[in-house]
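Encoded as structure tokens, the structure appears first; notes follow it.
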Amino acid sequence: MLIERIDDARLPASSEPCALHIAAGRVQAIARAAGPAQPAGSCLRAHGALVLPALVDAHVHLDKAFLLGAAEAQGPLEPRLASAIERVAMLRKSVGFERIRDDAVRAVQRLVGHGVGAARAHVELDPSTGLSLVELELELARELAPRIELQLVAFPQRGLEAPGMRELMQSALERGVGVVGGCPYVDRDPASHLDFVFAQAARRAAPLDLHLDFSDDPGRSLLELVLERTRAHGLAGRVTLGHVTTLAAMAPDARARALDALARAGIALVLLPATDLFLAGHGDPGSRSLAPFAQARAAGVRVALANNNLENPFAPFGNGNLIMAAWLTGITQRIATPEGRRALLEAITTVPAHILDLPAHGPELGALAHLALVSSQRLDQVVLEVPPVLATLHGGVLVHRLDGLGATNGVPPINVA
Ligand SMILES: [Zn+2]
């Protein structure tokens, strides 16, 4: 349903309720009070709900969502990265293509229900699956475009050393996958892996998004190699790193130097709390394996928080709820100020939008009407309350609405109570 006006909405910058007028997919006007009546069904009554920019998931895997039951049926899971990779690789042989497709669609529905309007999805490339998941996700991205923008990444989960993998990466990029991915830590020669993916990104003028440093051992860090290549290829502002849990384990001096170097190289970080806290941090009791959010931001690094996985061996507790990912980060990193809580919210909205290089969206004049409505009173309360998302709009189209109490006069209400 196309929404032309949202009445009785609250905007982050204003304490007064207002009406948002939407046309041609964008916010065209913001008025203090409701305007003249619109045709039935085109007006959403927000009952004072807070309007946020739609959330952005900077890192998610749709093609292995909801595999937890199948994985557990094969025996107890060990909460370690190598075990998760092995278990999912094993399931690739038995889980049918139709099921992967259905679960990917279900994952997108889950994201949209949690207010997500855009996501960067890593598409698994492996000799056993060839380009089949690429074809599947290119088709899904086209089919689901009216509900969510999906940005696809060519992702070699088991490295680039198996015969044919480099050709497979090139084919995926030629088929229309727009972002070069990488997973250098699974290869015997991570430098060669990095050389290849950096060369691909530079040659195609494509962004590069790497899984990196998913380890408790700073001695295994590949950050130096990434920094060198980012500078050499002139890719400042185009490189994003997921995980980097080594930052949590580094000595304070080394961590400060690494964050400073990332900021100067224009490299963005994406933390994946539901995975990073579950699979890593096997060192000293009390160690926290999530890279330091506030410190990275303070150093000038763009930091996003993302889902990574939904209910699978990489994130059994992954539920697609980005606000909860921010809540979890706030607790485990002891973020204790309203500014810190607003920063957590930015890390699931505006910061990932910038990392994905998306056009402006949100409740602002002229911006794309990709919106998420929540019942919280203030921005800094959102990550405390983890409120359900009452409605998600994509280009002004209502793509999710929490069940209201019934329609009045053709107008769909939002049940805020
Ligand atoms: Zn990932």
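The values are calculated or read from the model by the stated rules, or taken from the named source; none is laboratory data. Since we're looking at a predicted model, the values are computed, not measured. Neighbour counts run over all protein chains shown; Cβ positions are idealised from the backbone, glycine included.
Is it the case that the range 151-172 has a residue that's within 30 Å of LEU2 (Cβ to Cβ), outside any helix (DSSP H, G or I) and touching a strand residue (DSSP E or B) at 6+ places or on another chain (Cβ under 6 Å)? Before you say what the answer is, go through the steps one by one.
Start the filter on the range 151-172 by keeping residues that are within 30 Å of LEU2 (Cβ to Cβ), which leaves 151-152.
Now restrict to residues that are outside any helix (DSSP H, G or I): 151-152.
Applying the additional criterion that residues be touching a strand residue (DSSP E or B) at 6+ places or on another chain (Cβ under 6 Å) yields 151-152.
Taking every residue of the range 151-172 in turn, at least one turns out to be within 30 Å of LEU2 (Cβ to Cβ), outside any helix (DSSP H, G or I) and touching a strand residue (DSSP E or B) at 6+ places or on another chain (Cβ under 6 Å).
Quick one: count up the residues across the range 197-217 that are part of a helix (DSSP H, G or I), crowded, with 20+ Cβ neighbours inside 10 Å and not small (Gly, Ala, Ser).
As a first pass, look at the range 197-217 and keep what is part of a helix (DSSP H, G or I): 197-204.
Next, from what is left, pick out any that are crowded, with 20+ Cβ neighbours inside 10 Å: 197-198, 201.
So of that shortlist, the ones also not small (Gly, Ala, Ser) come out as 197-198.
Summing the residues that are part of a helix (DSSP H, G or I), crowded, with 20+ Cβ neighbours inside 10 Å and not small (Gly, Ala, Ser) in the range 197-217 gives 2.
Select from the range 281-303 the residues that are within 14 Å of LEU328 (Cβ to Cβ) and either within 16 Å of the ligand (Cβ to nearest atom) or not charged (D, E, K, R) (or both) and list them in ascending order. Steps first, please.
Taking the range 281-303 and keeping what is within 14 Å of LEU328 (Cβ to Cβ), we get 281, 288-291, 293.
If the condition is that a residue be within 14 Å of LEU328 (Cβ to Cβ) and either within 16 Å of the ligand (Cβ to nearest atom) or not charged (D, E, K, R) (or both), then GLY281, SER289, LEU290, ALA291, PHE293 are the ones that fit.
Can you tell me which residue in the range 63-83 is farthest from the chain's Cα centre (by Cα), limited to those that are of a type in the set (A, V, I, L, M) and more than 11 Å from the ligand (Cβ to nearest atom)? It would help to see each step written out before you state the result.
As a first pass, look at the range 63-83 and keep what is of a type in the set (A, V, I, L, M): 65, 67-68, 70-71, 73, 77, 81-82.
Of the ones still in play, those that are also more than 11 Å from the ligand (Cβ to nearest atom) are 65, 67-68, 70-71, 73, 77, 82.
Values: ALA65: 14, LEU67: 19, LEU68: 20, ALA70: 24, ALA71: 24, ALA73: 28, LEU77: 25, ALA82: 23 Å.
By that ranking, first place goes to ALA73.
Taking the range 317-332 as the search range and keeping residues that are within 16 Å of ALA104 (Cα to Cα) and away from the ligand (no atom under 15 Å from the Cβ), which one is surrounded by the most Cβ atoms within 10 Å (Cβ to Cβ)?
From the range 317-332, those within 16 Å of ALA104 (Cα to Cα) are 318-321; that's our starting set.
Keeping just the survivors that are away from the ligand (no atom under 15 Å from the Cβ) gives 319, 321.
On the way: ASN319: 15, ASN321: 24.
Only one residue fits best here, namely ASN321.
Which of (1) assigned to a helix (DSSP H, G or I); (2) within 16 Å of the ligand (Cβ to nearest atom); (3) surrounded by fewer than 18 Cβ atoms within 10 Å (Cβ to Cβ); (4) among the hydrophobic types (A, V, I, L, M, F, W, C) is the odd one out, the single condition PHE278 does not satisfy?
Status for PHE278: all satisfied but (3).
Among the numbered criteria (1) out of contact with any Gly (no Cβ under 8 Å at 6 or more places or on another chain); (2) in contact (Cβ under 8 Å) with a residue 24 or more places away in the chain, which single criterion is violated by GLN74?
Answer for GLN74: the failing condition is (2).
When you go through (1) modelled with pLDDT of 95 or more; (2) not in a helix (DSSP H, G or I) one by one for ARG257, which number turns out not to apply?
Of everything listed in (1) modelled with pLDDT of 95 or more; (2) not in a helix (DSSP H, G or I), ARG257 misses just condition (2).
Could you list all residues from the range 281-295 that are among the hydrophobic types (A, V, I, L, M, F, W, C) and part of a helix (DSSP H, G or I)?
As a first pass, look at the range 281-295 and keep what is among the hydrophobic types (A, V, I, L, M, F, W, C): 290-291, 293-294.
Once the filter is applied, which keeps residues that are among the hydrophobic types (A, V, I, L, M, F, W, C) and part of a helix (DSSP H, G or I), the range 281-295 yields PHE293, ALA294.
Quick one: how many residues across the range 167-192 are free of Cβ contacts under 8 Å to residues at least 60 places away in the same chain and closer than 23 Å to LEU227 by Cα? Explain how you work it out, then say what you get.
At the first step, the residues of the range 167-192 found to be free of Cβ contacts under 8 Å to residues at least 60 places away in the same chain are 167-185, 187-192.
This time we only want the ones that are closer than 23 Å to LEU227 by Cα, so: 169, 178-185, 187-192.
Of the residues in that region, 15 qualify.
Considering every residue within the range 333-347, establish whether at least one is within 16 Å of the ligand (Cβ to nearest atom) and in contact with a helix residue (DSSP H, G or I) (Cβ under 9 Å, 6 or more places away or on another chain). Give the steps one after another, and end with the answer.
If we filter the range 333-347 for residues that are within 16 Å of the ligand (Cβ to nearest atom), which is where we start, we get none.
Within the range 333-347 (the criterion being within 16 Å of the ligand (Cβ to nearest atom) and in contact with a helix residue (DSSP H, G or I) (Cβ under 9 Å, 6 or more places away or on another chain)), the answer is no, since none of the residues qualifies.
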